[in-house]
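Inspection log for the structure reproduced underneath, given as structure tokens.
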Amino acid sequence: MALYSEKVMDHFRNPRNVGVIDNADGVGEVGNAKCGDIMKMYLKIDDDVVSDVKFETFGCGSAIASSSMATELIKGKPLSEVKQLTNKAVSEALDGLPAYKMHCSVLAEEAIHSALDDYYSKHPEKKPEEE
Ligand code: FES
């Protein structure tokens, strides 16, 4: 069996939503101290929905594929769903990652949550009550 799924290879070779959003409503940057990879997410939010998302990833192929897939999973989605995004959902959407590459999908989850936190810190009135 190939080490990486076709979906991983596709999102690595043709990553979706690469770039920067000027005047993004939320920006999140995270890194993994062990491998040194860095991921930055930009969110544009309208009426509690992710109307646009872009990313920049300085990292391995799995990190690039994970960020690309994560942006596809949250684009057009309400923030209530975006908040629930897990690295497991990202890796499943990619048809799996090798165990030692799971941390790459964790980076995508963290980058999106960090961008969301940034948005809520600028718009505390939008933050939903904790259940
Ligand atoms: Fe660190 Fe992939 S090896 S994010």
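Bear in mind these aren't lab numbers, they're just calculated from the coordinates by the rules spelled out. This is a predicted model, so every value here is computed, not measured. FYI the Cβ positions are ideal-geometry reconstructions off the backbone, even for glycines, and counts take in every protein chain you see.
A few remarks follow.
- Among GLU125, GLU109, the ranking by other beta carbons within 10 Å of each residue's beta carbon, starting with the fewest, stands as GLU125, GLU109.
- Relative contact order computed over the chain (Cα-Cα under 8 Å; 6+ residues apart), in percent: 29
- Ranked ASP25, ASP10, ASP47, ASP95, criterion: other C-beta atoms within 10 Å, fewest first: ASP47, ASP95, ASP10, ASP25
- Gyration tensor (Cα) of segment 30-115, equivalent ellipsoid semi-axes in angstrom: 21, 14, 10
- Remark: the chain carries a charge dipole of roughly 500 debye about the Cα centre, counting +1 on each Lys and Arg Cβ and -1 on each Asp and Glu Cβ.
- For a paramagnetic label modelled on ALA33 (point 7 Å from Cα along Cα→Cβ), amide N atoms under 13 Å away are absent within segment 103-119.
- Scattering curve values for segment 62-104, log₁₀ I(q)/I(0), Debye with Cα scatterers, q = 0.24, 0.30, 0.35 Å⁻¹: -0.78, -1.08, -1.30
- The residue among VAL90, HIS123, HIS113 whose Cα reaches farthest toward the positive pole of the charge dipole of segment 84-130, with charges on the beta-carbon of Lys, Arg, Asp and Glu, is VAL90.
- With contributions of -39500 (n - 2.57) from each DSSP H run of at least four residues, the per-residue ellipticity at 222 nm computed over the chain stands at -12500 deg cm²/dmol.
- Annotation: for a label point projected 7 angstrom from Cα along Cα→Cβ of HIS123, residues of segment 12-26 with backbone N closer than 19 Å are 21-26.
- Of the trypsin sites (Lys or Arg not before Pro) in segment 26-128, those whose Cβ has at most 11 other Cβ within 10 Å and which sit in DSSP loop: LYS34
- 23 Å Cα-Cα threshold exceeded, pairs from LYS34/LYS75; LYS77/LYS101; LYS34/LYS122; LYS7/LYS54: LYS34/LYS75; LYS77/LYS101; LYS34/LYS122
- Cβ-based exposure ranking for TYR120, TYR100, in which fewest neighbours within 10 Å come first: TYR100, TYR120
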